[in-house]
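One structure is given here, and the rest of the page talks about it.
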Amino acid sequence: GNETSSDQRNWNAAPTLLSGDINGNDMADAGDSHTIVTVTTPNVTLDGLIIAYSYADDPTDNSQVAIGRTGGGLYINQNASFLLKNSILHDNIAFSDGINGLGGAVISFTGNTKLISCLLYDNVASTAGGAVSGESGEVEIINSTLSDNTALTGGGIHLSDGTLLVANSILSNNTGTNGHINLVAGYG
């Protein structure tokens, strides 16, 4: 574009789509990208993205936290701050091999993860956290909507450990045991 600063960017008029839909059928299914965005660097901000159509089901992944079966849309594992704003995550899946399947749209393992003015819908985790799974650290969801996400537990949000803040946000039609928010012992 002709912008002279990043503040002039109009992400509504020119959206950036990061799609895992390798087979091009506008669905998240086996064979699509396992995780679309992986963040391991501290102090990252992503702004104005659409992240869609991941299928995290990689049974060959032997990493400690099984990146191939968690955080279909966005996988965060760094001990600092991460900010996602003005973004949409939809149709992302984290599929379990029996011990994973966490964070259909987003999984955060450490640090301070903030989602501001985001829309997360139609995401699925076979175990927990259809939209968001926080495994430790702080998770903040502000001015956002989490709708129609599904998991066995915590269709909207699953927090294993750490602290959770949800402010000025809408949680609607998220399904699973403790549909909107599932808090596990040890949370702050």
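The values are calculated or read from the model by the stated rules, or taken from the named source; none is laboratory data. Everything numeric here is computed off the predicted structure, so don't read it as measured data. Here Cβ is always computed from backbone atoms with ideal geometry, including for glycine, and neighbour counts include all displayed protein chains. Side chains are part of the model used for accessible areas, which takes the heavy atoms of the whole protein and leaves out ligands, DNA and RNA. Shrake-Rupley method; radii C 1.70, N 1.55, O 1.52, S 1.80 Å.
Remark on LEU89: its backbone amide H falls under 5 Å from those of ILE51, LEU119, LEU120, TYR121, a criterion applied only to residues 5 or more positions apart or on other chains, H modelled at 1.01 Å from N.
Order TYR55, TYR121 by their accessible area, 1.4 angstrom probe, all chains in place, largest first. The partial results should precede the final answer.
Numbers: TYR55 40, TYR121 70 Å².
Ranking TYR55, TYR121 by accessible area, largest first, yields TYR121, TYR55.
Other residues whose C-beta falls under 15 angstrom from the C-beta of ASN86 contribute a net charge of +1, scoring Lys and Arg +1 and Asp and Glu -1.
Mind running the shape call on the range 1-82? Use the C-alpha gyration tensor, a ≥ b ≥ c as the square roots of the eigenvalues: rounded below 1.5 for a/c, prolate if a/b tops b/c, oblate otherwise. Could the numbers behind the result be given before it?
Details: a/c = 3.98, a/b = 1.39, b/c = 2.86.
Cα axes put the range 1-82 in the oblate bin.
Rounded to the nearest 20, the size of the Cβ-charge dipole of the chain about its Cα centre is 400 debye, with Lys and Arg at +1 and Asp and Glu at -1. Modelled spin-label separation between ALA14 and ASP29, with each label point placed 7 Å from Cα along the Cα-to-Cβ direction: 3.4 nm. For the range 36-120, the Cβ-based charge dipole about the Cα centre amounts to some 320 debye (Lys, Arg positive; Asp, Glu negative; other atoms uncharged). Between ALA30, ALA128, ALA105, the Gaussian network model of the chain with springs among Cα atoms under 10 angstrom shows the greatest mean-square fluctuation at ALA30. Here the simple spin-label model places points 7 Å from the Cα toward Cβ, and for LEU83 and ILE170 these points are separated by 2.5 nm.
Rounded to the nearest whole Hz, the Karplus-based 3J(HN,Hα) values (6.51 cos²θ - 1.76 cosθ + 1.60, θ = phi - 60°) of the range 71-86 follow the sequence x, x, x, 9, 10, 10, 9, 8, 9, 8, 10, 9, 10, 10, 9, 6, with x at glycine and proline. The amide H of GLU140, built 1.01 Å from its N in the peptide plane, has THR113, LYS114, LEU115, LEU165 as neighbours under 5 Å, considering only residues 5 or more places off or on other chains. Net charge in the neighbourhood of LEU120 (other residues with Cβ under 11 Å of its Cβ; Lys, Arg +1, Asp, Glu -1) is -3. Computed on the Cα atoms alone, the convex hull of the range 63-169 gives a volume of 75 cubic angstrom per residue. Surface calculation, 1.4 Å probe, protein heavy atoms: THR145 sits at approximately 40 Å² accessible.
Report relative contact order for the range 60-188 in percent, whole number only (criteria: Cα-Cα under 8 Å, sequence separation at least 6). List each step's numbers first, then the result.
Details: 455 pairs, mean separation 25.5, N = 129.
Once normalised by length, the contact order is 20 percent.
Rounded, prolate or oblate: pick one for the range 84-131, where a ≥ b ≥ c are the square roots of the eigenvalues of its C-alpha gyration tensor, a/c under 1.5 means rounded, and failing that, prolate if a/b is larger than b/c, else oblate. Please report the intermediate quantities before stating the final value.
Values: a/c = 3.66, a/b = 1.46, b/c = 2.50.
Oblate, since a/c reaches 1.5 and b/c is not below a/b.
Counted over the range 118-188 with a bin width of 10 Å, the fraction of Cα pairs per bin, in whole percents, is 27, 56, 17.
What figure, in Å² to the nearest 10, do you get for the accessible area of THR163 with a 1.4 Å probe and non-protein molecules left out? Roll a 1.4 Å probe over it and THR163 shows about 60 Å².
Where both residues lie in the chain, what percent of DSSP beta bridges are antiparallel, nearest 5? Bridges in the chain are about 0 percent antiparallel. Summing charges over all other residues whose Cβ lies under 11 Å from the Cβ of ARG9, with Lys and Arg as +1 and Asp and Glu as -1, gives -3. Just the protein heavy atoms count here, and of the accessible area of the chain at 1.4 Å, carbon and sulfur take up 50 percent.
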